[in-house]
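Here the structure is laid out as structure tokens; the discussion comes afterwards.
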Amino acid sequence: MKYILFSMATALTIFSVSCKNNSVEALSNGSICDTSAVKYSTTIKSMMNNHCTNCHGGASPSAGLRLENYNDLVLRGQASLQRMKSSSNPMPPSGKIDDCNINKLATWINQGSLNN
Ligand code: HEC
């Protein structure tokens, strides 16, 4: 029984990881999200610039958190992802950004937060 549970958990983990990595998937709103070519330089940096760095950047960043460059983000990537997924306390505070962008950040983190 333990073995069966373990196998199921492993299969589920592999399934959910493979769903997040290198894939084109349908979101719950029916749109298609392509996370197959996510890179820091082409995807993540502009996402942070568009949605985060007006507060989390400059001389006095909100919460002391800077998200302007790779070295800043790599330290707080997971925390950023958690807040971006949160419905009760989202970042940006004005409301959740689209799921595809959130999936792209998750993919980048799952792939090891590379400076690519
Ligand atoms: C309008 C300004 C504003 C924007 C835009 C914004 N934030 Fe924030 N953020 C704040 C403020 C103010 C706090 C501190 C209060 C709080 O935690 O809610 C904060 C807190 C946080 C924290 C918790 C601090 C910590 O040390 O863990 C994280 C993580 C975070 N923001 C990530 C982001 C990310 C990622 C984005 C872009 C997707 C973003 N924020 C966009 C204002 C902003």
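Readers should treat all values here as calculations from the given coordinates under stated rules, not as data from a laboratory. Please read all numbers here as calculations on a predicted model, not as lab measurements. Positions of Cβ are generated from backbone atoms using ideal geometry, with glycine treated the same way; all protein chains shown enter the neighbour counts.
Observations
- Residues of region 27-73 satisfying the condition of being surrounded by 17 or more Cβ atoms within 10 Å (Cβ to Cβ), more than 10 Å from the ligand (Cβ to nearest atom) and β-branched (Val, Ile, Thr): THR35, VAL38, THR43, ILE44
- Against the numbered list (1) among the aliphatic types (A, V, I, L, M); (2) within 27 Å of ILE32 (Cα to Cα); (3) more than 16 Å from the chain's Cα centre (by Cα), ALA59 comes up short only at (2).
- The residue that is nearest to the ligand (Cβ to nearest atom), counting only those in region 81-99 that are surrounded by 14 or more Cβ atoms within 10 Å (Cβ to Cβ) and under 9 Å from the mean Cα position of the chain (by Cα), is MET84.
- In region 40-116, counting only helices (runs of 4 or more DSSP H) that sit wholly within it, the ones holding 2 or more residues that are small (Gly, Ala, Ser) and within 23 Å of LEU27 (Cα to Cα) span 70-85.
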